[in-house]
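Report on the structure given below.
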Amino acid sequence: MTLPKLTRQQRTGALEKAARARMDREARGEHEPLNDWPDGPPDGDSDAMERYLAAFRDWHEKHVGPVSDAEYNRVRAEHGLT
């Protein structure tokens, strides 16, 4: 069985729909690791801050760019983590 030829408009529509679906999946993935702390972790909870910074570093590296160890350690020190 042969498949019918798609018109240019149908191909364009299918590509746009696939791109929107991919962007929706990526958007959901961007926010999932940080959803536990919509306003950041609670003050004074060093374990939660450690998990938050690790999740944020992972998100940043996937979507923005690499984070050097020196920069990561500087941010940790700003939040009282050693």
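The values are calculated or read from the model by the stated rules, or taken from the named source; none is laboratory data. Please read these numbers as outputs of a predicted model, since none were measured by experiment. Cβ coordinates were reconstructed from backbone atoms using ideal geometry, including for glycine residues, and neighbour counts include every protein chain displayed.
Examine segment 59-69 for a residue that is at pLDDT below 85, among the polar types (S, T, N, Q) and loosely packed, with under 10 Cβ neighbours inside 10 Å, and state whether such a residue exists. Looking through segment 59-69, none of the residues is at pLDDT below 85, among the polar types (S, T, N, Q) and loosely packed, with under 10 Cβ neighbours inside 10 Å. Residue 8 meets all of the listed conditions (1) among the charged types (D, E, K, R); (2) surrounded by 10 or more Cβ atoms within 10 Å (Cβ to Cβ); (3) modelled with pLDDT of 85 or more but one, namely (2). Report yes if residue 44 is small (Gly, Ala, Ser) and either in contact with an Asp or Glu (Cβ under 8 Å, 6 or more places away or on another chain) or at pLDDT 85 or above (or both), otherwise no. No. If the condition is being of a type outside the set (A, V, I, L, M, F, W, C), within 19 Å of the chain's Cα centre (by Cα) and more than 10 Å from residue 79 (Cβ to Cβ), then segment 41-57 contributes 51, 57. Among the residues that make up segment 20-29, is at least one of them at pLDDT 85 or above and more than 17 Å from residue 75 (Cβ to Cβ)? Looking for residues that are at pLDDT 85 or above and more than 17 Å from residue 75 (Cβ to Cβ), one finds at least one in segment 20-29, hence yes.
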